[in-house]
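The values are calculated or read from the model by the stated rules, or taken from the named source; none is laboratory data. Since we're looking at a predicted model, the values are computed, not measured. Neighbour counts are summed over all protein chains in view; Cβ atoms, including those assigned to glycine, are modelled from backbone coordinates with ideal geometry.
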Amino acid sequence: MIWLLIIIAVLVVLLIIYLIAAYNGLIRRRNQIENAWSQIDVQLKRRLDLIPNLVETVKGYAAHERDTLDAVINARNSAIAAPDTPHAQAQADSQLSGALRQVFALGEAYPDLKANQNVLELQEQLTTTENQISFSRQHYNSTVLDYNTSIATFPNVLLAGPFGFTRREFFDAEPEAANVPTVDLSLS
């Protein structure tokens, strides 16, 4: 009889240790998501900080391109005001990226602008920041996938619901990137 009680006590202790380890693992994964999101947030804010300098520099060379510059400022303001969720930030990011592409396209129409050292520096900084955003997005999505898989698999699924662990959203790619244009090269 004493052996049975010892075995039951050991099993209960092992179960408690497993539950603590599983719970701590879920907490660690959730914290990794928060850290990955903060890295995206840092890069998005860095890009937002660079945009006013770019607009001011371009203004001097392409003053009559006011609509393009206003679109960038409006996209920047929308990005600043966007809620701090992956979906809202992804939409704002997409709008801002499109507006920035239009500004960089102005360089083709204005050779002096294309050769301006300030514009080249800002363009390089923005390109670097875009690459860092892309890397941070990949890291975030990988972390979210790991977390979502962890809370959906047995036996963690038994802990996840009661302790408030819910699925997280991915930071989706730009919507226009999903719509690949069709090219018809047929001779009709």
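Scan region 102-127 for residues that are exposed (fewer than 15 other Cβ atoms within 10 Å of the Cβ), more than 26 Å from the chain's Cα centre (by Cα) and under 16 Å from Leu50 (Cβ atoms) and report the count.
2
Please go through (1) at pLDDT 90 or above; (2) surrounded by fewer than 16 Cβ atoms within 10 Å (Cβ to Cβ) for Asp70 and return the number of the only condition it doesn't satisfy.
In the conditions (1) at pLDDT 90 or above; (2) surrounded by fewer than 16 Cβ atoms within 10 Å (Cβ to Cβ), Asp70 misses (1) alone.
In region 31-78, how many are under 26 Å from Thr166 (Cβ atoms) and hydrophobic (A, V, I, L, M, F, W, C)?
Number satisfying all stated conditions: 6.
Inspect all residues belonging to region 4-22 and state whether any of them is touching a Phe, Trp or Tyr at 6+ places or on another chain (Cβ under 8 Å) and either farther than 26 Å from Glu108 by Cβ or not hydroxyl-bearing (Ser, Thr, Tyr) (or both). Quick ask: steps written out before the conclusion?
Taking region 4-22 as the starting set, the residues that turn out to be touching a Phe, Trp or Tyr at 6+ places or on another chain (Cβ under 8 Å) are none.
Among the residues of region 4-22, not one is touching a Phe, Trp or Tyr at 6+ places or on another chain (Cβ under 8 Å) and either farther than 26 Å from Glu108 by Cβ or not hydroxyl-bearing (Ser, Thr, Tyr) (or both), which makes the answer no.
Would you point out which residue out of Ile40, Ile17 is in contact with a helix residue (DSSP H, G or I) (Cβ under 7 Å, 6 or more places away or on another chain) and in a helix (DSSP H, G or I)?
Matching residue, one of Ile40, Ile17: Ile40.
Working only within region 1-45, note down all residues that are among the acidic types (Asp, Glu) and modelled with pLDDT under 95.
First, pick out the residues of region 1-45 that are among the acidic types (Asp, Glu): 34, 41.
Correct list: Asp41 only.
I need the full set of residues from region 79-96 which are of a type in the set (Gly, Ala, Ser), assigned to a helix (DSSP H, G or I) and surrounded by 15 or more Cβ atoms within 10 Å (Cβ to Cβ), in order please.
Matches in region 79-96: Ala79, Ala88, Ala90, Ala92, Ser94.
What pairs come out if I take residues in region 53-80 that are closer than 17 Å to Gln43 by Cα and free of Cβ contacts under 8 Å to residues at least 40 places away in the same chain and pair them with residues that are buried (at least 16 other Cβ atoms within 10 Å of the Cβ) and among the polar types (S, T, N, Q) whose C-beta lies under 7 Å away, six or more apart or interchain?
Between residues of region 53-80 that are closer than 17 Å to Gln43 by Cα and free of Cβ contacts under 8 Å to residues at least 40 places away in the same chain and residues that are buried (at least 16 other Cβ atoms within 10 Å of the Cβ) and among the polar types (S, T, N, Q), the close pairs are Ala75/Gln95; Ser78/Gln95.
Filter region 9-49 for residues that are surrounded by 14 or more Cβ atoms within 10 Å (Cβ to Cβ), among the aliphatic types (A, V, I, L, M) and over 13 Å from the mean Cα position of the chain (by Cα); which is nearest to Thr143 (Cα to Cα)?
Per the stated criteria, the residue is Leu26.
In region 129-151, is there at least one residue being farther than 26 Å from Asp49 by Cβ, modelled with pLDDT under 90 and not aliphatic (A, V, I, L, M)?
no
Please determine, by comparing only the residues of region 130-154 that are assigned to a helix (DSSP H, G or I) and hydroxyl-bearing (Ser, Thr, Tyr), which one is nearest to Gln32 (Cα to Cα). Before you say what the answer is, go through the steps one by one.
Here is the first cut: in region 130-154, the residues assigned to a helix (DSSP H, G or I) are 130-152.
Okay, now just the ones that are also hydroxyl-bearing (Ser, Thr, Tyr), so 134, 136, 140, 142-143, 147, 149-150.
On the way: Ser134: 17, Ser136: 12, Tyr140: 9, Ser142: 10, Thr143: 7, Tyr147: 9, Thr149: 14, Ser150: 13 Å.
Among those that are assigned to a helix (DSSP H, G or I) and hydroxyl-bearing (Ser, Thr, Tyr), it is Thr143.
Report yes if Ala115 is in contact with an Asp or Glu (Cβ under 7 Å, 6 or more places away or on another chain) and not polar (S, T, N, Q), otherwise no.
No, not satisfied.
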